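This report refers to the structure that appears directly beneath it.
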Amino acid sequence: MAIGTFGGEDGSGGARSDERSAPLVRTWLFVVAAMIFAMVVVGGATRLTGSGLSITEWAPIMGAIPPLSEADWAAAFAKYKEIPQYRLENAGMSLGDFKSIFWWEWSHRLLGRSIGVVYALPLLWFVVTGRIGRARLPRFLLLLVLGGLQGFVGWWMVASGLVDRVTVAPYRLAVHLTLAAVIFAAIVWTALTCGPSSMTRRRSPILRVGAGAVLGWTVFQIFLGALVAGNHAGLVYNTWPSMNGYFAPPDLMTWEPWWRNFFENHAMVQFLHRMGAYVLFALAIAQFTLVVVTARTSAARVSAFVLGFAVAFQMLVGIATLLTLVPLSLALTHQAVAMVVLTAAVVHAVSVFAPGHIATGLPEVGGRAPAG
């Protein structure tokens, strides 16, 4: 069986059971992936509305119950009044205003809890009923562990803004968003490779390197974007293609120690995000060119084209967001399109690393698909 397929219990009934159950498992994984996509967008809205610190405690189970009485609301509001964000930025906020930011953060956390339930309970059922074989189980358990880790990282991020800051630490936000992107990509990859493959030959090494580079750089670019968001660095240097007349502003390395510039210096993090976007666009175009020249399967060509288009569109959205001083609608669109680019990168990588799993319905160019 091809590398990356859903089966894998050599010659056993387990592999046949895996293949028969593949459509159901695939649907379940796509539902989880869609929920993570929504989680990222809601998380962006939570950050942009300044709501992320409105809940000052981490109660994984009881925290799912919101305040149900005026006394409960008063107690939650009193806890919020104790942190620096309220004292330095929101002093005098009404209870009604507090409720509006509370519901954003509560919804974000509830969606995270829901993802855990929607993933864990069906997984248990699939394992008990033999629909996921032993050979594949470690991957699904690893995803479960990563999901639990994401909950801890989320609280680690929030905790950074409760004592000495009015916002969360940018690098913790970057870790939180990047881990969400990694989990999302892994789930989409797993869903796409469910079931048997119609092709057993691998593509050429250069195509695999290219697809891996685009996918890896997409995740890294999301990390850089999170640093920009965490530092509110989109509110400075609001010109393009220059940065207020400079290619590289003179204040890129003004912080001490030097390494803080790469995480907290507004000029540096925005510069790196801009350069990262150019690199990603160049990688996507180069990969599309390689695919057109060397690959005959329609899946590889179509996925490479969609990937290039998504990256180009994301650059345009990013530029518009910067030039208009990061309005909520464009900022959320930029974050959502980043996940679309990630999805396109995963789909293309699967078409290269595990050919035969992605079908477009288009005829192959030149008949039988070659190795690359």
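The values are calculated or read from the model by the stated rules, or taken from the named source; none is laboratory data. This is a predicted model, so every value here is computed, not measured. Note that each Cβ is placed from the backbone with ideal geometry, even for glycine, and that neighbours are counted across all protein chains shown. The accessibility values were calculated without ligands, DNA or RNA, using every heavy atom of the protein model including side chains. Shrake-Rupley method; radii C 1.70, N 1.55, O 1.52, S 1.80 Å.
When the accessible area of the range 128-179 is split by element with a 1.4 Å probe, what percent falls to carbon and sulfur?
Exposed carbon and sulfur together represent 71 percent of the surface.
Scanning the chain for chymotrypsin sites (Phe, Trp or Tyr not before Pro) in DSSP loops with at most 14 other Cβ atoms within 10 Å, what's the longest stretch left with none?
Counting only loop sites that pass the neighbour cut-off, the longest clear stretch is 59-246.
If I compute Rg and Dmax of the Cα atoms in Å from the structure I just sent, which labelled value in [x] 31.3, 102; [y] 22.7, 72; [z] 20.1, 68 lines up?
Comparing each candidate, only [y] matches the computed number.
Which angle from 0 to 90°, rounded to the nearest 10, does the C-alpha axis of helix 266-294 make with the longest principal axis of the chain?
Its long axis makes an angle of about 10 degrees.
Can you give the longest stretch of the chain with no exposed loop site, where a site means GluC sites (Glu not before Pro) in a DSSP loop (not H, G, I, E or B) with at most 12 other C-beta atoms within 10 Å?
83-372
Select from Ala120, Ser54, Leu272 the residue farthest towards the positive end of the dipole of the chain; place +1 on Cβ of Lys and Arg, -1 on Cβ of Asp and Glu, and compute about the Cα centre.
Checked the options; the winner is Ala120.
Loop only per DSSP, at most 16 neighbouring Cβ atoms within 10 Å: give me the trypsin sites (Lys or Arg not before Pro) in the range 80-148, ordered by residue number.
Lys81, Arg134
Give the shape of the range 281-358 as rounded, prolate or oblate, defined through the alpha-carbon gyration tensor: a ≥ b ≥ c are the square roots of its eigenvalues, a/c under 1.5 means rounded, and otherwise the shape is prolate if a/b is larger than b/c and oblate if not.
In terms of gyration-tensor shape, prolate.
Who wins for biggest fluctuation among Ala181, Ala74, Ala33 in a Gaussian network model of the chain, springs between alpha carbons below 10 Å?
Ala74
With a 1.4 Å probe and every protein chain left in place, work out the accessible area per residue of the range 54-109 in Å², rounded to a whole number.
Result: 57 Å² of accessible area for each residue.
Which Cα, out of Pro84, Leu142, Leu192, lies furthest along the positive dipole direction of the range 77-209 (beta carbon charges, K/R +1, D/E -1)?
Of the options given, the answer is Leu192.
Using alpha carbons only, how many degrees (0 to 90, rounded to 10) separate the axis of helix 95-128 from the longest principal axis of the chain?
30
Among Leu111, Val302, Val31, flag the residue with its Cα farthest along the positive direction of the charge dipole of the chain, charges on Cβ as +1 for Lys/Arg and -1 for Asp/Glu.
Checking the options against the dipole of the chain, the answer is Val302.
Among Val145, Val31, Val228, which one shows the highest mean-square fluctuation when the chain is modelled as a Gaussian network with alpha-carbon springs under 10 Å?
Val145
Pairs of Cα atoms under 8 Å, at least six residues apart: use those to get the relative contact order of the chain, whole percent.
23
In a GNM of the chain with a 10 Å cut-off on Cα contacts, which of Ala45, Ala338, Ala248 has the highest mean-square fluctuation?
Ala248
Hey, got the dipole for the chain? About the Cα centre, +1 on K and R Cβ, -1 on D and E Cβ, debye to the nearest 20?
My answer is approximately 1160 debye.
Report the charge-dipole magnitude of the range 196-330 in Debye, nearest 20, computed about the Cα centre from +1 at each Lys and Arg Cβ and -1 at each Asp and Glu Cβ.
Using only the charged Cβ atoms, the result is roughly 880 debye.
Assuming R0 = 45 Å, can you tell me the calculated FRET efficiency for the pair Trp125 and Asn244, based on Cβ-Cβ distance, to the nearest 0.05?
Efficiency at R0 = 45 Å is approximately 0.20.
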